[in-house]
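Shown next, in structure tokens, is the structure this report addresses.
The values are calculated or read from the model by the stated rules, or taken from the named source; none is laboratory data. Computed from a predicted structure; not experimentally measured. All Cβ positions, glycine included, derive from the backbone under ideal geometry; neighbour counts span all protein chains shown.
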Amino acid sequence: MDDGDYLKAIEYFDKALEISPQYRPPIFNKAKAYYYAGMYEDALRWFNKSKFSWKCIDNYVILSWIGDTLNELNRFDEAIEAYLEAIDIINEDYEKTIKFHKEQRWNPPSDSYLKSLLDEKNKRVSSMKDSIDYSKKLKKETHIKPKNDFNDQEKFLNSIGKENLITITGTFFYDNPQFEKGMILNLIKEENNEFDSDAIAVYLNDVKVGYVANSERTCCYLTSKASDIQIQDISIVEYISYFAYRHHIAKIIK
């Protein structure tokens, strides 16, 4: 999975689950593999399977992933509900932990230890609140988009031609670079890439920010795959848009 071969990773997680169907790490990691592959419906199903049936702090992490996945599916209200449920779990776990330690009269907790617990709790809650704000921002941006925005984008990309467009994928491995319309990027073929002989890396200045999509899972239907395009030593593309809130699209200049 670390090398980006998500479907292969899923095969191995499935093998682990054949041996131990209830073992939680392969279930959770299988969900993450689906998420990274952009297969969000499958990811959501497996994240839900990975949740514990009882309330525990581990569920807050899973709920955070569920919220992120729901954002990708444009189901923002449900994402916010997941983050709010995570906050409830964090607060409840903190209260239980404090109560437990205070009841241990023979070994009372130090003030510094109690402060560390509070700091950790506040850090987790703050992270979830940031996620809620992000969901609200996405919901607002989606709401203010004209209803025909998708059709307009699709029409515009069709006018450029599939052979002149690429999808940029794998950006989450590179700190999710902030693409801007008109940004110039470089394509460099990686002939010695052990995972894909057609691999083409995408660079912003001298920093790698992703790859040209080369599979049905990651490539937008309006663009060419890496294996479909021919580049010289270095080709130049111009960033166009984040199509359908899912695909980073760029136009080949030369």
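Counting only residues that are modelled with pLDDT of 85 or more, surrounded by 17 or more Cβ atoms within 10 Å (Cβ to Cβ) and among the polar types (S, T, N, Q), segment 144-185 holds 2 of them.
Selection of segment 226-238 for residues being touching a residue at least 24 places away in the same chain (Cβ under 8 Å) and either part of a loop (DSSP other than H, G, I, E, B) or in the same structural domain as LEU73 (by TED's automatic domain parsing) (or both) yields ILE229, ILE231, ASP233, ILE234.
For (1) loosely packed, with under 14 Cβ neighbours inside 10 Å; (2) in contact (Cβ under 8 Å) with a residue 24 or more places away in the chain; (3) part of a helix (DSSP H, G or I), each residue gets a yes or a no:
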| position | (1), (2), (3) |
| --- | --- |
| LEU17 | no, no, yes |
| ILE27 | no, no, yes |
| ALA33 | no, yes, yes |
| GLU41 | yes, yes, yes |
| CYS56 | yes, yes, no |
| ASN59 | no, yes, yes |
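Candidates are the residues of segment 197-207 that are surrounded by fewer than 16 Cβ atoms within 10 Å (Cβ to Cβ) and in contact with a helix residue (DSSP H, G or I) (Cβ under 9 Å, 6 or more places away or on another chain); the one that is farthest from SER241 (Cα to Cα) is SER197.
Quick one: would you say ASN91 is at negative phi, in a helix (DSSP H, G or I) and touching a residue at least 40 places away in the same chain (Cβ under 8 Å)? So ASN91 fails the test.
Selection within segment 239-254: residues that are outside any strand (DSSP E or B) and of a type outside the set (Gly, Ala, Ser). The member of this set that is farthest from PRO177 (Cα to Cα) is LYS254.
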